[in-house]
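Quick note: the coordinates plus some simple rules give every number you see, no bench work behind them. In this text, all values refer to a predicted model and were calculated from it rather than measured experimentally. As a convention, Cβ positions derive from the backbone with ideal geometry for all residues, glycine included, and neighbour counts pool all protein chains shown.
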Amino acid sequence: MIFVDANVIVAHFAKSHEHHKASSAFLDEVLKNRQHLAFSPQIGGEAFIAATSKRFFKVPATPDEFIRLLEKFRNTGFVSVVSPGERAMDIALQTAKEKSVTSAHIFDLIIYGTMLEHGITRIATINVKHFRNLKGIEVIQVA
């Protein structure tokens, strides 16, 4: 199973995104090979924020457009939504302490904790630097 970061989802849905082709090719290949993907509610929320924001796109998706596309993605039969529990938070906080992480970077560690809690050891992302020094996971650079 591969955990998918929000930036990959946004780039896949937004044709104007500079990494659209790479993200779409990656996701199409993974799904064609019947590999399972996962994301968390946090990732869905982050993707919604970016895809519907004028800060990121001249013509952002409407909420209805984004939800329709996300539901289509989820309904492929190979995509699961996994939620963080107490173990994910414990992993995130312990890692933040060990690595002196501050501010909004805790959200990447919650993703990391969610992955480990669910036994997921690979993440596909455009922002490799957010995850590259975390033990026990493989980072797949999509762009």
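Annotations for the structure displayed:
- Centroid-to-centroid, using Cα positions, the stretch 125-139 and the stretch 1-34 are 17 Å apart.
- Ascending count of other beta-carbon atoms within 10 Å, so fewest first, for Ser40, Ser100, Ser24: Ser100, Ser24, Ser40
- Axial C-alpha extent at least 18 Å, average Kyte-Doolittle at least -1.0 - helices from the chain (DSSP): 86-99
- Of all lysines in the structure, the ones whose alpha carbon falls short of 26 Å from that of Lys21, not counting any fewer than 8 places away in one chain, are Lys32, Lys54, Lys58, Lys72, Lys129.
- Extents of the stretch 101-143, taken as max minus min of Cα coordinates on every principal axis and listed largest first, are 25, 24, 13 Å.
- Spacing of the two label points (7 Å from each Cα toward its C-beta) at Phe57 and Lys15, in nm: 1.1 nm
- Using every pair of separate Cα atoms, the Kirkwood estimate puts the hydrodynamic radius of the chain at 15.4 angstrom.
- Here the label points at Ser80 and Lys135, each 7 Å from Cα along the C-beta direction, are separated by 2.5 nm in the simple model.
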